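Chemist: Here it is, the structure, as structure tokens.
Laboratory data are not the source of any read-out in this text; all were calculated from the coordinates shown. Predicted model only: the values in this text are computed from it and were never measured. Heads up, the Cβs are rebuilt from the backbone with ideal geometry, glycines too, and the neighbour counts pull from every protein chain shown.
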Amino acid sequence: MRISVLVAEIGSTTTVVNAFDRITSPCPEFIGQGQAPTSVLDGDVTVGLRGALEDLKNNLGEAELLWDEFLATSSAAGGLRMTVHGLVYDMTVRASREAALGAGAIIKHVTAGKLRRTDLKKLEEIRPNIILIAGGVDYGERETALHNFEMIASMKLGIPVIYAGNIENQDEVRLISEETGTRLYIVENVYPKVDILNVEPTRKVIQEVFEEHIIHAPGMSNVRDMVNGPIIPTPGAVMEAAKLLKEHIGDLIVFDVGGATTDVHSVTEGSEEINLMLISPEPLAKRTVEGDLGVYVNLAHIVEKIGLENLKSEFQDTEELIKSIKSIPGTDREIKFVERITKEAVLTSLERHAGRIRYLYGPSGKKTVAEGKDLTNVKYIIGTGGALTRLPGRNEILKAVGLYGKGMGLYPGKEARVLIDNDYIMSSLGVLSRRFPEAALKLMKNSLQI
């Protein structure tokens, strides 16, 4: 059997292969899925990839599979680890964080101002995949970004460095990189003027650098031999899908609840009224990742958030359920318990992602301001990931987002429509959209049933 496109999602625990056919026709099809344990510990992730291909063949009832295109996303071996270094925390540092998170990175260390010896020691310990340096608006402060770049370049870590700061420094940064043999990528300033974010060029380069240099899980170089298209970080692929979908259906927010983390992606300009009150700019597309809100690996954190006694009032056998927790719940009781945990993960991640209204008091009296991401114009609340595509109560969990309306938070309203990525293919469609955007959009709409 010959298939148009295969997309592999190489995760930290599971590798999934999705098959798509008739990709250039008016009616592209999602025809099947195979999965197998990811084989990082075996020293070669292609073992798991070939296992997922075998599972796909069995599910399709085919003895042999051929394909025209093979694309991939990866979060294996810790995903894309980055450190971010800027000048002022609420300005260039924040803009750099937004760029890195939107590209699918896990940010391991953030600094503002000139690097110290303790910061350099942490860099050596972390060994990130990419280092991002910013600082200074264009034609503004120069010294901090130059100091930081020179300090990092002198360490000769062999790690790619992206410079996204004051454009006046670009020639000197190039000179330092040549003298130290640093792999340098220069991008437009992420914060070119006060209150202006310019994160998309940096996001794009981060993903390109990841694909070019950071195939770091054991055997990933062999995956490159199998794949004839891009390999991008899995969270970055979800963001690509969300941005494509927003262009066609309107403002949206995506919740991806996993075993270890909960990711939230929103793509919305916000309301005109709130934008006039914002004290600092927000990107159109924003991602937050909550490393303490996984429903399996980080269950204890969510239980603590709810409160053990509160859970016991709902589930008398709470302690037994916690001890016997599985990555895939089996009994009805286990499913109900995981649904409660998932709902807490969703609502907590919503609180952390959303902005809020604040009152400032000064000589002229009370002033109303807004800070953070305005979600009040969101029209669609989307669920993807294992929990929100497979749990029976997934719709009710996501409906709670539109009903949350708590305090001064800038949350979606109750009129927002819930959509589920029923085929669990959103991240695959994000990478597919780079080659076949029209097909990716149609397949996404099919999966979301819109």
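Chemist: For an R0 of 22 angstrom, estimate the FRET efficiency from the Cβ-Cβ distance between Y361 and Y89 and round to the nearest 0.05.
Modeler: Computed FRET efficiency for Y361 and Y89 comes out at 0.40.
Chemist: Measure out, as a whole number of angstrom, how far apart the alpha-carbon centroids of region 133-192 and region 20-38 sit.
Modeler: Each part reduced to its Cα centre gives a spacing of 42 Å.
Chemist: Can you work out the Karplus-derived ³J(HN,Hα) for every residue in region 410-416? Use 6.51 cos²θ - 1.76 cosθ + 1.60 with θ = phi - 60°, whole Hz, and x for glycine or proline.
Modeler: Computed from phi, the couplings for region 410-416 are 9, 9, x, x, 5, 7, 5 Hz.
Chemist: Still on this structure, I have one more. G355's amide H: which non-local residues (gap 5+, or another chain) put their own amide H closer than 5 Å, with H modeled 1.01 Å from N in plane and none for Pro or chain starts?
Modeler: K373, D374, L375, L410
Chemist: Any idea what the relative contact order of region 83-237 is, in percent, if you count C-alpha pairs under 8 Å spaced at least 6 apart?
Modeler: It rounds to 26 percent for region 83-237.
Chemist: Separate question: As a footprinting exposure proxy, order H265, H301 by other Cβ within 10 Å, with the fewest listed first.
Modeler: The fewest-first ordering by Cβ neighbours comes to H301, H265.
Chemist: I106's amide H: which non-local residues (gap 5+, or another chain) put their own amide H closer than 5 Å, with H modeled 1.01 Å from N in plane and none for Pro or chain starts?
Modeler: Result for I106 returns L80, R81, M82.
Chemist: First check a/c for region 2-77, with a ≥ b ≥ c the square roots of the eigenvalues of its C-alpha gyration tensor; if it is under 1.5, answer rounded, and if not, answer prolate when a/b is larger than b/c or oblate otherwise. Could you put the intermediate results ahead of the total?
Modeler: Working: a/c = 2.53, a/b = 1.74, b/c = 1.46.
Prolate, since a/c reaches 1.5 and a/b exceeds b/c.
Chemist: While we're here: Take the alpha carbon gyration tensor of the chain, find the square roots of its eigenvalues, order them as a ≥ b ≥ c, and report rounded if a/c is under 1.5; if not, report prolate when a/b exceeds b/c, else oblate.
Modeler: Cα axes put the chain in the oblate bin.
Chemist: Rank R22, R116, R50 by mean-square fluctuation in a GNM of the chain with C-alpha springs under 10 angstrom and give only the top-ranked residue.
Modeler: The residue with the greatest mean-square fluctuation here is R116.
Chemist: Give the lysines reachable from K326 as a straight Cα distance under 26 Å; neighbours fewer than 8 places away on the same chain don't count.
Modeler: K305, K312, K336, K343, K399
Chemist: Taking the Cβ-Cβ separation of T180 and I306 as r and a Förster radius of 56 Å, what is the calculated FRET efficiency to the nearest 0.05?
Modeler: Numbers: r = 51 Å, r/R0 = 0.90.
Plugging the Cβ-Cβ distance into 1/(1 + (r/R0)^6) gives 0.65.
Chemist: Read phi for every residue in region 373-381 and hand back ³J(HN,Hα) as whole Hz from Karplus 6.51 cos²θ - 1.76 cosθ + 1.60, θ = phi - 60°, with x for Gly and Pro.
Modeler: Listing the rounded values in order: 7, 8, 9, 5, 9, 5, 9, 9, 10 Hz.
Chemist: Something else: Restricting to the chain, what percent of DSSP beta bridges are antiparallel, rounded to 5? Don't jump to the answer; show the numbers that get you there.
Modeler: Details: 35 of 74 bridges.
If I count the DSSP bridges inside the chain, around 45 percent turn out antiparallel.
Chemist: Which of rounded, prolate, oblate describes region 79-213, given a ≥ b ≥ c as roots of the alpha-carbon gyration tensor eigenvalues and a/c under 1.5 marking rounded, otherwise prolate only if a/b is larger than b/c? All intermediate terms of the calculation are to be shown ahead of the outcome.
Modeler: Details: a/c = 1.28, a/b = 1.10, b/c = 1.17.
Since a/c stays below 1.5, the shape of region 79-213 is classed as rounded.
Chemist: On a straight-distance basis, which lysines could pair with K442 in a cross-link, Cα separation under 16 angstrom, same-chain partners fewer than 8 positions away excluded?
Modeler: Excluding near neighbours in sequence, the set is K243, K246.
Chemist: Oh, and also: At a Cα cut-off below 16 Å, give the lysines reachable from K156, other chains included and same-chain residues fewer than 8 away excluded.
Modeler: K121, K122
Chemist: Can you sort Y424, Y191, Y139 so the residue with the fewest Cβ neighbours within 10 Å comes first?
Modeler: Listed from fewest to most nearby Cβ atoms, that is Y139, Y424, Y191.
Chemist: Please list 164-172, 375-383 highest first by mean number of surrounding beta-carbon atoms within 10 Å per residue. Intermediate values should be presented prior to the final figure.
Modeler: Details: 164-172: 20.7, 375-383: 23.4.
Going by the mean number of other Cβ atoms within 10 Å, highest first, we get 375-383, 164-172.
Chemist: Looking at A387, A416, M426, which one has the Cα that reaches farthest to the positive end of the dipole of region 343-429 (charges on Cβ: Lys, Arg +1; Asp, Glu -1)?
Modeler: Farthest towards the positive end: A416.
Chemist: Using the Kirkwood formula on the Cα atoms of region 238-337, what hydrodynamic radius do you get, in angstrom to one decimal? Display every interim value, and only then the final one.
Modeler: Values: mean 1/r = 0.0620 Å⁻¹.
Across region 238-337, the inverse of the average 1/r is 16.1 Å.
Chemist: Could I ask something else about it? With θ set to phi - 60° and the Karplus curve 6.51 cos²θ - 1.76 cosθ + 1.60, what are the ³J(HN,Hα) couplings of region 235-250 in order, to the nearest whole Hz, using x for Gly and Pro?
Modeler: Whole-Hz 3J(HN,Hα) from phi for region 235-250: x, x, 5, 4, 5, 4, 5, 5, 5, 4, 5, 4, 4, 10, 10, x.
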